[in-house]
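Data first, discussion second: the structure below is written as structure tokens.
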Amino acid sequence: MPVSIPDERAVMLGVLVAIGNMFIFQHYLPPTVDVRMADQFDSAAEKAEREALFMSIAFTAVVAGYVRNWHTFVIAGAAIVAVDFAHKHANAVHPLTQSMKTPAGSASGYSLPDYSTAG
């Protein structure tokens with residue numbers, strides 16, 4: 001089975017589309033360090049990340065479809081995966097522990113009412 005060697009223009013266009021995807025993520029999302037210092041699993045950051053993901057996939061698909069080159073799509077798609085993973089991981093990090101674990105003694109559910117004063 002022959003291996004398809006990409007054309008230099010396809011590789012260059014893939015790199016340019018990857019840079020464009022990074023600008024799309026930069027436009028829709030705050031810097032990763034700010035997402036990391038916010039609350040863990042912030043729904044607003046998740047929604048903004050999803051919007052950036054859909055816009056960058058659409059941009060990549062349109063450009064790669066226009067030039068009809070699979071290599072452009074693969075190179076730009078690798079950048080999408082890397083940037084999206086970085087933002088998803090930053091959203092999962094707890095600001096106090098600086099890891100994906102919650103601090104010891106913190107409950108992840110809803111607090112119960114105080115029944116000690118009820119007669």
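The values are calculated or read from the model by the stated rules, or taken from the named source; none is laboratory data. From a predicted model like this one, the values you see are computed outputs, not experimental measurements. Glycine gets a Cβ as well: all are built from the backbone with ideal geometry, and neighbour counts include every protein chain shown.
Annotations for the structure displayed:
- The residues of the stretch 68-87 include none that are hydroxyl-bearing (Ser, Thr, Tyr) and within 19 Å of Arg36 (Cα to Cα).
- Residue pairs meeting the criteria (Cβ under 6 Å; at least 6 apart or on separate chains; first without any contact (Cβ under 8 Å) to a residue 40 or more places away in the chain, in the stretch 46-69; second of a type in the set (Asp, Glu) and buried (at least 17 other Cβ atoms within 10 Å of the Cβ)): Leu53/Asp84
- Scan of the stretch 58-73 for residues that are at pLDDT 90 or above and surrounded by fewer than 17 Cβ atoms within 10 Å (Cβ to Cβ), ordered by number: Ala58, Ala61, Val62
- Condition met for Val33 (farther than 23 Å from His89 by Cα, under 21 Å from the mean Cα position of the chain (by Cα) and either of a type outside the set (Ser, Thr, Tyr) or surrounded by 15 or more Cβ atoms within 10 Å (Cβ to Cβ) (or both)): no
- Considered as a group, the residues in the stretch 3-57 that are modelled with pLDDT of 90 or more and among the basic types (Lys, Arg) include one that is farthest from Ile80 (Cα to Cα), and that residue is Lys47.
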